[in-house]
Every structure is written in structure tokens, then in C-alpha cells.
Amino acid sequence: MKEICITQETIRNHRYTPAAIGNGDLSLLIDCEGMQRQTESGWGKLVPGIWRAGHRYNTMRGELIPFGYFLTDVQSGDGVQEFRQSLDPRCGLVKSDCVYGDGSRVVSETFCCLHRNVVVLKRRWEAPPDREFRLRYCFNPKYAELNWNENGTIEYSIDGIRLFHGEIRFESDAPFSFRRENDAFVWSTKAREFTLFLRFDDSGPIRSAEELLEQSRRKWDPYWEEGYVKVPSEKLQRAYDLAQYHLRISSTAWGMPTGIYASHWNSLFFAFDEYFMFMGLATSGHLETAARIPAFRHSIRASANRRMESGKVAREPGVLCYPWETNEIGEENASRGFWNDHIFHASHIALAAYEAFRFSGDRVRLAEQWYPLIWGSVEYLRIVHIVRGKDGTAEIGCCTDLERLGAMRTNPFMTACSVIATLRAAAETAELLGKDADLVPLWRRLAEELRKNLPHDGIRYLPYEGCPPDVHSIGQFAGIYPYGVLDPEDPLQKGACADYIQARESCGNMYASAGRGICSWYLCWESLMESSRGNGERACEVLETLADSCGCFGELFEIYSCGYRPWFTTAEGEMVHALNNMLLQFHSDGTPRVAPAVPSSWREFEFRLQGRGGTRIEAVVRNGTLKTCNLLPPKSREE
């Protein structure tokens with residue numbers, strides 16, 4: 001895995017956003033000057049700052065509490081003349097070397113410990129002798145009481161979703177002064193080389209930056225050992241490694257948001273998106289990181305059940321109705337809009353739980369945690385959203401499918417496929433556990449009725465019932481991916497795929513308002529569909545197109561053409577899954593298929609990826625021939 005380096009030359013061809021560092025609690029962006037310069041419009045809705053998972057205000061939108069940002073002042077005028085910045089995804093170390101117009105220079109190293117809430121800033125600088133290094137920390141949250149002292153400690157008490165108490169300490173190996181100036185705390189030193197430790201609610205001893213970095217590396221190593229791929233495409237490799245890195249630092253004590261940034265819907269949780277992140281992590285062997293996602297949904301199930309406390313559903317205490325956009329305690333934080341009429345996120349909660357079992361083989365957690373999620377979600381869908389059509393058979397009632405298609409669509413194809421997959425998963429796991437014998441045949445029958453009633457015009461499956469001929473949707477892939485409920489050779493499914501591909505330039509963006517072009521996670525989706533059909537040439541071509549529209553570090557955007565939301569974990573999870581799916585798939589009985597969809601030009605590659613039942617598969621291909629293929633035993637949860 002290589003360190004990623006960029007210069008002024010790099011940003012001529014790719015969008016630049018600051019480098020992301022963090023640990024699942026802290027989340028920071030470090031720009032090319034080694035600070036967090038505020039820009040008028042931000043980078044793709046993203047303004048650098050310090051954010052903390054779970055720290056939010058008690059408002060309808062659940063805004064993240066800003067933990068400030070820091071700016072450094074060492075130069076005078078003329079700005080940056082030359083810079084070099086690097087990010088090492090193996091440990092999250094960011095290096096910068098900046099030369100300014102007045103001749104001053106700052107060389108910096110910055111990292112966030114994976115195992116502690118400590119941000120380390122090592123700096124070496126060259127400037128006239130009468131100048132001091134000043135770091136301005138702008139920290140002014142609402143509803144807060146702040147107390148500070150000249151030793152570099154800020155005590156805070158912030159009224160949010162709960163009362164947050166803590167302290168931020170500035171410690172250094174060089175003499176410094178600390179004071180309050182207007183709206184900022186100012187840390188300054190005359191030392192030309194120093195290390196500054198920003199400690200957020202951390203009280204353990206610190207000996208040196210080098211020791212902290214080594215300890216952090218040791219925490220990173222097991223994650224990288226769980227799984228890997230090595231492919232001949234350098235740009236795919238870079239994007240894949242970076243996505244794996246950012247998924248890890250975005251994994252919170254709860255679920256996984258689209259990014260721990262205010263710009264990313266305040267780091268709230270979307271069950272729809274979580275499924276894509278889950279599959280990227282799980283197929284890579286990161287089972288315990290992935291398992292946090294269904295564990296979070298299980299932890300807030302009481303809130304999900306309370307939303308069903310009316311009518312006959314109240315007599316089914318395990319039925320679960322989750323919000324579209326939730327905070328850490330299960331409350332709805334979405335703004336008003338037709339997106340609140342989505343229902344396929346219920347399917348995604350159940351399917352993540354189902355896949356958690358299929359990959360791990362853990363029957364204990366299936367019985368205690370995952371099956372209750374599957375049961376509660378499928379029963380919610382059955383009782384509330386499966387209706388009887390004109391001929392008396394099952395179909396999906398009005399709901400929102402993909403947002404681009406608008407509100408209140410009857411029997412939409414993608415949503416129907418998600419429900420079919422959920423019904424089948426519920427029946428399979430119930431039989432395995434010997435539960436709900438009365439519901440299993442009902443679930444199976446409903447799944448078959450929904451399959452027969454999927455909307456089509458005799459040539460292709462349609463995005464929704466009554467869909468005009470000029471409306472197209474990537475959701476037409478759904479029978480193959482993400483739900484796998486149709487044979488890839490089904491003529492109507494093939495027609496639906498061809499229809500989207502023909503129209504992809506006009507309908508390939510998540511939002512109609514974002515214009516033409518294809519958003520990143522739609523490209524990943526298309527690659528997954530192609531690899532599931534065994535079309536490795538096309539699957540790779542689509543991912544290569546994606547890799548050409550990444551940021552300077554290889555970071556994925558929600559929509560690159562508009563610069564929307566860089567460091568977007570939904571696309572990252574799908575990109576990782578897409579490459580994994582080219583290298584490893586499974587027969588219906590769970591036996592592995594090695595390299596089922598790789599391009600013919602790939603003659604040298606290897607991987608370690610997750611098998612079924614807890615095993616991992618390790619394979620090496622040399623000169624186009626499979627040289628080794630080993631089945632590794634399951635890891636214990638303690639490893």
C-alpha cells in the first residue's frame with residue numbers, strides 16, 4: 001500500500017479536498033498547509049473542521065456540534081507558492097511541505113491516533129527570527145459554557161442531545177503561551193521545531209509522537225490483515241485502499257454515517273446507505289467492523305417499535321419501523337419531504353443482518369440480534385406495505401423508490417425486489433432457527449406473488465407501475481444487484497439493464513437537480529451488476545471510469561461532476577464491494593468462485609477476502625493461472 005502524494009500539478013486534473021483523518025470519534029480534514037483553512041463555499045459542501053461522532057444538538061435536524069478548527073499563522077502575504085502533501089492510508093499520517101511567497105516554509109506531520117482521542121501536530125518552520133508560530137483554535141459552540149487556563153486547557157459543557165462535559169488540552173514538547181483573543185484561543189511558540197498534542201477527553205500519559213504513531217500503526221495492522229486485494233490497475237488500487245481507510249475511520253460507536261462531517265447530513269445514519277458500507281466491509285473480511293451496523297440497529301429497536309404503537313400492529317411488539325434519517329438514539333432527524341416515504345431501508349436493515357450471518361456463520365448472534373431485526377423489518381413490510389392489487393395478489397403500495405423518480409409510486413421495481421429478498425431471507429433464517437413455522441410459508445408465498453407482479457411492458461421491467469416510456473432508473477438493475485432475486489439472464493431483467501445503460505447519461509445522477517452525468521455510487525452499482533453477470537471487462541471498465549473521477553487522493557464524491565460531498569462512505573463501500581465481487585463470488589451452496597469476472601488483461605493479482613461461514617479465501621494468480629487458493633479458518637471475535 002502506497003503513500004499518496006499530491007502537488008500543484010495534481011490539482012490541475014482532479015478536484016482537491018483536504019486529507020481526512022480520524023478514529024471513528026474524532027474526524028478532521030487537513031489541508032495542504034497543515035491546517036483547516038475556511039473557504040467561502042467549502043470543498044464540495046465540505047468546510048474543514050473538527051467533528052465528533054454522536055455529539056449533536058437536540059434539534060429537529062440534529063446538527064453536529066462543531067468542535068472548532070485551527071489555523072496557523074507563520075507567513076506574511078503572497079500565500080502558498082509551492083506545496084507537496086501526502087496521505088498514508090496505512091495509518092492516517094498526513095505530511096505537508098509548504099513554501100510561501102515571503103520565503104517562509106512550514107513542514108508538517110499530522111495524524112489522529114486510532115486508539116486514543118489525540119491529534120498530533122509535528123511542525124518545523126522557517127521564517128524571520130522575530131516571528132512566532134501562532135495557532136488559532138476557533139471553538140465557539142452554541143449552548144456552551146467554556147472555561148480555560150493559561151496552561152492550555154479548555155473545559156467545556158455543551159447542551160446537546162445530552163449534556164456533554166469534557167476538556168481539550170494543548171500539550172507540547174516546546175515552551176508556549178496560551179490565551180484568548182476575541183473569538184479564538186491562541187497557542188504560540190518561538191520554537192522552530194515542536195510537537196503539539198491536541199487531547200480531546202484523553203488523560204493517559206504521552207511520551208512522544210513517535211510512540212503514539214507506532215501504537216496507532218499496531219492498531220491499524222489487524223484491520224489491514226483481515227483482507228486485501230492487489231490488482232494491476234494502479235488507480236483502482238489507490239481508490240480501493242483509500243476507501244478501506246476512510247470506511248474504518250468513519251466507523252463510529254453506533255453505525256456508519258455517510259461521513260462524520262456536518263456537510264454529510266450532520267453525520268446522521270441512513271439504513272439504506274449502511275447496507276452498501278456493510279457489504280464493502282464484510283466482503284473484505286472486516287466482519288466485526290461491519291457487525292457494528294446491525295448492532296446499532298438492534299440497540300435502537302425499542303424506538304423503532306414505538307413508532308408502530310397504533311392499531312393491530314401494536315399487538316406485535318417486535319415489529320420495527322425505523323426512521324429514514326436517524327440519530328444515535330433512534331429519533332427521526334430528516335427534514336420534511338417525500339424521502340420520508342421510502343420503505344426499502346427496512347429491507348436493508350434485514351438484509352445486512354442476514355448477510356452478517358451468511359458471512360460469519362454466527363448462530364448465536366443470529367438468534368439474539370440479527371433474526372429479531374429480520375423478523376421485525378419483514379413483518380413491518382408485510383403488515384403495512386404489501387397490499388392486494390386488482391387481481392387480488394400481492395404488490396407494493398405507494399411509496400418513494402429512488403428519489404429521482406418522485407413521490408408516491410405504486411409497486412416500484414427496486415422496492416419490490418428489496419422486499420422479495422427480505423421475505424426470502426426471513427424464511428431461510430426462520431427455518432434454520434426453527435422459528436415462526438406459521439409465517440415461513442406466508443413469507444415464501446408473498447415473495448413469489450411479488451416476483452410475478454413486478455412491473456414490466458413485455459420488453460423490460462419498468463421503474464414503477466404505469467411508468468412513462470421516457471422514464472429510466474438505475475433501480476432497474478435491482479433484480480440482479482443489490483437483491484439477487486432474479487436470474488441475470490431473465491429476458492425482462494436484461495431489457496431493464498439495457499434500458500438504463502442506453503439512458504445513463506441523462507438519468508445517472510442521484511438528483512435531477514444535479515444535472516447530467518453519472519454519480520459515483522451509480523457507477524459502482526453498474527460494475528456490480530456487470531460482474532454479477534460475469535462480465536469482467538465491462539465491470540472493470542466502469543470502475544476505471546470511476547477512478548478517473550476521484551479527488552486528488554483518490555477520494556470518492558457523492559457526485560464528482562458537481563463536487564458534492566467528497567469522502568462519501570456510501571460510494572466507498574460500493575466501490576470496495578464492486579472490486580471484491582470481480583475477484584470472488586459464491587455459488588448458491590456457498591462454495592467460492594475465484595476470479596469470476598476479471599478482465600482478460602489482468603494476468604497478475606491476488607486477494608484475501610471473506611468467504612461464507614466465517615472462512616476467508618486467499619488466492620494468487622500469476623501469468624493468468626491460479627497458483628494458490630487457500631481456505632483460512634474463521635477468526636475468533638477476540639482476534
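Spin-label pair Glu541-Glu155: with each label point 7 Å from Cα along the Cα-Cβ axis, the two points sit 6.5 nm from one another.
Cα centroid distance between the range 414-450 and the range 1-37, in Å? Between the Cα centre of the range 414-450 and that of the range 1-37, the gap is 46 Å.
Assuming 0.36 nm per residue, please report the length gained on full extension of the stretch Phe586 to Gln38 beyond their Cα-Cα distance. Could you put the intermediate results ahead of the total?
Values: separation 548, 0.36 × 548 = 197.28 nm, distance 4.76 nm.
Going from the current span to full extension adds 192.5 nm.
For the range 308-386, the spread of Cα coordinates along the three principal axes comes to 40, 27, 25 Å, biggest extent given first. For the peptides 105-112, 214-221, 504-511, 542-549, residues were scored by their other Cβ atoms within 10 Å and the scores averaged per peptide; the highest-first order is 105-112, 542-549, 504-511, 214-221.
Note on Arg124 and Ser208: the extension gain reaches 28.6 nm, defined as 0.36 nm multiplied by sequence separation minus the Cα-Cα distance.
In this view, the solvent-accessible surface of Tyr228, computed with a 1.4 Å probe and all protein chains in place, comes to about 60 Å². Provide the per-residue ³J(HN,Hα) series for the range 416-433, in order, calculated from phi with Karplus coefficients 6.51, -1.76, 1.60 and θ = phi - 60°, each as a whole number of Hz, with x at glycine and proline positions. Values per residue, Gly and Pro as x: 4, 4, 5, 6, 4, 4, 5, 4, 5, 5, 5, 5, 5, 6, 4, 5, 5, 8 Hz.
What the range 288-370 shows is 40 Å² of accessible area per residue, with the surface traced by a 1.4 Å probe over protein heavy atoms.
Under the simplified labelling scheme, the Thr628-Leu163 pair shows an inter-label distance of 5.9 nm, with each label point 7 Å from Cα along Cα→Cβ.
Ligands, DNA and RNA left out, the accessible area of the range 155-230 computed with a 1.4 Å probe is 45% carbon and sulfur. Accessible surface of Asp589, taken over heavy atoms with a 1.4 Å probe and every protein chain present, rounds to 110 Å².
The stretch between Glu332 and Val364 holds 8.5 nm of extra length on full extension. This uses 0.36 nm per residue minus the Cα-Cα distance.
Efficiency by 1/(1 + (r/R0)^6): what FRET value for Thr410 and Lys452, r their Cβ-Cβ distance, R0 = 22 Å, to the nearest 0.05?
On the way: r = 16 Å, r/R0 = 0.73.
Efficiency for this residue pair is about 0.85.
In plain terms, the bigger the Kirkwood radius, the slower the diffusion; for the range 406-519, with that radius from Cα pairs, at 25 °C and 0.890 mPa s, Stokes-Einstein puts D at 163 µm²/s. Here the range 170-194 is scanned for amide nitrogen atoms under 20 Å from the site 7 Å beyond the Cα of Arg131 along Cα-to-Cβ, giving 175-177, 186-194.
Beyond 16 Å, the tail of the calculated P(r) for the range 487-565 holds 53 percent of the Cα pairs. Separation of the range 135-166 from the range 64-124 is 23 Å, based on Cα centroids.
Taking 7 Å steps out from each Cα toward its Cβ at Thr7 and Asn340 produces label points 5.4 nm apart.
Sorted largest first, the spans of the alpha carbon positions of the chain along the three principal axes are 85, 61, 49 Å. Need the C-alpha centroid separation for the range 371-412 versus the range 468-546, integer Å. Centre-to-centre (Cα) distance: 22 Å.
What is the sum of charges, Lys and Arg at +1 and Asp and Glu at -1, for the other residues whose Cβ falls under 15 Å from the Cβ of Ala127?
Values: positive: Arg105, Arg123, Arg124, Arg131, Arg134, Lys190, Arg192; negative: Glu33, Asp73, Asp78, Asp97, Asp102, Glu126, Asp130, Glu132, Glu193.
Charge balance in the 15 Å sphere: -2.
The values are calculated or read from the model by the stated rules, or taken from the named source; none is laboratory data. The structure displayed is predicted, hence computed values, not measured ones. Using ideal geometry, Cβ is built from the backbone for each residue, glycine included, and neighbour counts are taken over all protein chains shown. All accessible areas refer to the heavy atoms of the entire protein, side chains included, with ligands and DNA or RNA removed. Shrake-Rupley method; radii C 1.70, N 1.55, O 1.52, S 1.80 Å.
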